[in-house]
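The values are calculated or read from the model by the stated rules, or taken from the named source; none is laboratory data. Note that this is a predicted model, so its numbers are computed, not measured. Methodologically, a virtual Cβ is constructed for each residue, glycine included, from the backbone with ideal geometry; neighbour enumeration extends over all protein chains shown.
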Amino acid sequence: MHRIRKLLSIVCVFALSMIVFSGCGTESGKRIVRIGHNQSTSHPTHLGLVAFQDFINEKLGDEFQVEVYPSELLGSQNNMVQLTQTGAIDFCVASNAILDTFSKNYEIFNLPYLFSSTESYHHVMDDKEVTSKIFDSTSQAGFTAVTWLDAGTRNFYTVSKFIEKPEDLKGLKIRVQQSPINVRMMQLFGGSATPMGFGEVYTALQSKIIDGAENNELALTDNGHGDVCKYYSYDMHQMIPDILIGNNEFLNSLTDDQRAIFEEGFELINKVQREEWEKGVEEAKKKAEAMGVEFIYSDIKPFEEVVKPLHEEILSKNPAIVETYNAIQEYNVLYPGKSGNTETKVENKEVSVSEVQEGDAE
Ligand code: GCU
């Protein structure tokens with residue numbers, strides 16, 4: 001695996017230099033549209049992007065040629081966001097978790113136990129009135145979000161034991177995504193946060209630099225984490241979407257007609273990826289079980305209670321996201337989740353801007 005990664009980084013440097021030196025067009029004069037992501041070629045995200053590639057190549061094939069680069073071939077997510085900012089590539093998929101360093105509006109979806117159920121999460125993400133403010137908030141940074149992708153629910157898994165209650169995290173080094181909210185969340189859970197890029201996690205687990213990680217089920221199979229971690233505990237702490245971002249100069253260069261077709265294509269990515277996601281999770285669970293991974297369902301309440309203060313902590317520092325937070329609470333009321341511990345339940349709470357500002361002043 002380590003060797004594969006080394007090889008990939010060499011390929012990555014090579015691919016990048018090819019991009020820099022080859023410019024944007026092809027010999028046939030078509031505009032090459034490059035999309036990077038960090039998942040494998042069997043992952044739902046890749047399948048969604050390939051559907052987009054086929055769609056654009058079919059509808060606008062005389063003018064554009066879409067190329068999808070999987071598996072961190074163009075670098076880590078952080079690198080790819082920077083490449084998209086500068087226009088070295090046109091699109092990339094980034095976890096919402098790392099976008100809060102580009103715009104604090106993205107902090108909202110990084111909050112633990114934000115959604116009461118998967119239904120609530122999906123309805124919020126599909127509501128353009130809620131998301132457009134966030135998706136457009138990075139225009140100064142040179143990119144815009146064009147659609148979202150499902151990345152399921154994040155749960156803890158370790159090399160040595162099940163995490164049945166927050167105290168089980170004590171003394172464990174757990175890899176988290178590179179976002180201050182995740183570091184703070186782990187602090188509240190009582191574990192020790194080790195932020196690092198996704199591509200480094202396998203080796204870190206294998207060499208015992210970390211004791212565990214947190215992610216959806218596909219990380220066990222697609223990324224091989226289940227080779228090392230056999231204890232997966234459903235504590236359902238976060239539902240963090242992936243976001244497809246596009247370079248603004250490229251998006252603005254499209255004519256109205258071309259843009260309309262690209263927009264149709266973005267909808268298609270979302271549709272295909274989400275259909276594949278449902279199947280992918282089921283398959284990953286079966287495959288992980290065959291690898292010897294065991295799944296348990298933890299009692300979610302104690303987890304939720306220890307990290308709940310993070311909501312007010314973040315909202316009071318960032319009142320701009322309060323309106324979105326309240327809109328989410330409305331969806332949580334409509335889609336409260338099933339009883340039992342397979343869905344999270346949060347107390348529905350309306351927070352007003354003045355309330356959090358007062359709280360802040362105290
Ligand atoms: C998920 C998510 C990725 C992200 C990864 C991570 O796999 O889909 O976008 O990079 O988690 O934990 O970093």
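Which residue pairs have Cβ atoms closer than 6 Å, lie 6 or more positions apart in sequence or on different chains, and pair a first residue in the range 276-299 that is aromatic (F, W, Y) with a second residue that is in a helix (DSSP H, G or I)?
That search, which allows pairs on different chains as well, returns W277/P44.
So which residues in the range 229-242 are among the hydroxyl-bearing types (S, T, Y) and either buried (at least 23 other Cβ atoms within 10 Å of the Cβ) or within 14 Å of the ligand (Cβ to nearest atom) (or both)? Spell out the reasoning first.
The first filter runs over the range 229-242 and keeps only residues among the hydroxyl-bearing types (S, T, Y), leaving 231-234.
Answer for the range 229-242, where residues must be among the hydroxyl-bearing types (S, T, Y) and either buried (at least 23 other Cβ atoms within 10 Å of the Cβ) or within 14 Å of the ligand (Cβ to nearest atom) (or both): Y232, S233.
So that you can scan it fast, the table gives a plain yes or no per residue for (1) closer than 22 Å to I243 by Cα; (2) over 20 Å from the mean Cα position of the chain (by Cα); (3) not hydroxyl-bearing (S, T, Y):
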| position | (1), (2), (3) |
| --- | --- |
| F135 | yes, no, yes |
| Y157 | no, no, no |
| E164 | no, yes, yes |
| K170 | no, yes, yes |
| K173 | no, yes, yes |
| R184 | no, no, yes |
| S192 | no, yes, no |
| I209 | no, yes, yes |
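Looking only at the range 245-278, how many residues end up being of a type in the set (G, A, S) and touching a helix residue (DSSP H, G or I) at 6+ places or on another chain (Cβ under 9 Å)? Quick ask: steps written out before the conclusion?
Step one: list which residues in the range 245-278 are of a type in the set (G, A, S), which gives 246, 253, 260, 265.
If we keep only those that are touching a helix residue (DSSP H, G or I) at 6+ places or on another chain (Cβ under 9 Å) too, we end up with 246, 265.
Of the residues in the range 245-278, 2 are of a type in the set (G, A, S) and touching a helix residue (DSSP H, G or I) at 6+ places or on another chain (Cβ under 9 Å).
E276: assigned to a helix (DSSP H, G or I), at pLDDT 95 or above, within 15 Å of the ligand (Cβ to nearest atom) and acidic (D, E), yes or no? If you could, list the steps in order and put the result at the bottom.
On the way: assigned to a helix (DSSP H, G or I): yes; at pLDDT 95 or above: yes; within 15 Å of the ligand (Cβ to nearest atom): yes; acidic (D, E): yes.
Spelling it out, E276 is indeed assigned to a helix (DSSP H, G or I), at pLDDT 95 or above, within 15 Å of the ligand (Cβ to nearest atom) and acidic (D, E).
Under 27 Å from E323 (Cα atoms), among the polar types (S, T, N, Q) and within 15 Å of the ligand (Cβ to nearest atom): is that true of N182 in this structure? So that I can check it myself, show each step before the final result.
Details: under 27 Å from E323 (Cα atoms): yes; among the polar types (S, T, N, Q): yes; within 15 Å of the ligand (Cβ to nearest atom): yes.
Yes, satisfied.
Could you pull out the residue among G226, G212 that is more than 21 Å from W148 (Cα to Cα), within 13 Å of the ligand (Cβ to nearest atom) and not aliphatic (A, V, I, L, M)? Please lay out each step first, then the result.
Values: G226 fails: within 13 Å of the ligand (Cβ to nearest atom).
When all the criteria are applied, what remains is G212.
Given the condition under 30 Å from V228 (Cα atoms) and part of a loop (DSSP other than H, G, I, E, B), answer yes or no: does some residue in the range 121-144 qualify?
Of the range 121-144, the ones under 30 Å from V228 (Cα atoms) are none.
For the range 121-144, residues under 30 Å from V228 (Cα atoms) and part of a loop (DSSP other than H, G, I, E, B): absent.
Checking the condition more than 13 Å from the ligand (Cβ to nearest atom), touching a strand residue (DSSP E or B) at 6+ places or on another chain (Cβ under 8 Å) and in a helix (DSSP H, G or I), which residue from I56, I89, I108 passes? Before you say what the answer is, go through the steps one by one.
Working: I89 fails: in a helix (DSSP H, G or I); I108 fails: touching a strand residue (DSSP E or B) at 6+ places or on another chain (Cβ under 8 Å).
Exactly one of I56, I89, I108 is more than 13 Å from the ligand (Cβ to nearest atom), touching a strand residue (DSSP E or B) at 6+ places or on another chain (Cβ under 8 Å) and in a helix (DSSP H, G or I), namely I56.
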